[in-house]
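Below is one structure, written out as structure tokens; comments come after it.
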Amino acid sequence: MNEIQLLTWARGDGLDYAVGIFLLGVIWRLFEIYSLGRKTDLSAPRSAAGASGWHTIFRRSLPPAGMVKKSPVSYIGGYTFHIGLAIVVFLFAPHILLIQSLTGMSWPGLPSQFIDLAAVVTMAAMVVVLADRINKP
């Protein structure tokens, strides 16, 4: 198999297999979640129900008080990695074209040099966090 055949397979059958496995995993996970059931909601309804949900999501995305001072490499490196990964996955023009071909949704991408910089910073953050976790299990 040469490079062109591999690329053709990756864009065709390989992508179909990957999306199929992903969807099966999502369906399986949703089945597990919904089969657990829900407890009865006994709390009083709030006036702005959506706002309190968004507040909870934002609050739980922040590290607990004092943890950044205790383990700065894990938290700063983790945030750097996840933000960089989101930039590379969602703002790189070839990825946007792939998403557009699958869903029809499109948005403007960032310049390739910026994506390269974000990828290097992301990989460096991963290496630093890995080294920190190996040294401090």
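The values are calculated or read from the model by the stated rules, or taken from the named source; none is laboratory data. Not measured: the values here are computed from a predicted model. Positions of Cβ are backbone-derived with ideal geometry, glycine not excepted, and every protein chain shown enters the neighbour counts.
Figures for the structure shown
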item: Some residue of segment 83-93 being farther than 27 Å from L7 by Cα, at pLDDT 95 or above and surrounded by 11 or more Cβ atoms within 10 Å (Cβ to Cβ); result: yes
item: Candidate set from segment 63-79 (those that are surrounded by 11 or more Cβ atoms within 10 Å (Cβ to Cβ) and aliphatic (A, V, I, L, M)); member that is nearest to R133 (Cα to Cα); result: V73
item: Condition broken by S35, with the remaining ones in (1) among the small types (G, A, S); (2) at pLDDT below 90; (3) exposed (fewer than 10 other Cβ atoms within 10 Å of the Cβ) satisfied; result: (2)
item: Pairs with Cβ under 9 Å, 6+ apart, first in segment 95-115 and assigned to a helix (DSSP H, G or I), second among the charged types (D, E, K, R); result: L98/R11
item: Residue match in segment 55-64 (condition: over 26 Å from R11 (Cα atoms), of a type in the set (D, E, K, R) and under 19 Å from the mean Cα position of the chain (by Cα)); result: yes
item: Search result, residues across segment 116-137 that are in a helix (DSSP H, G or I), of a type outside the set (A, V, I, L, M, F, W, C) and either loosely packed, with under 10 Cβ neighbours inside 10 Å or without any contact (Cβ under 8 Å) to a residue 12 or more places away in the chain (or both); result: D116, N135
item: Identity of the residue in segment 14-69, basic (K, R) and in a loop (DSSP other than H, G, I, E, B), that ends up farthest from T80 (Cα to Cα); result: K39
item: Verdict on W28 being aromatic (F, W, Y) and within 27 Å of H95 (Cα to Cα); result: yes
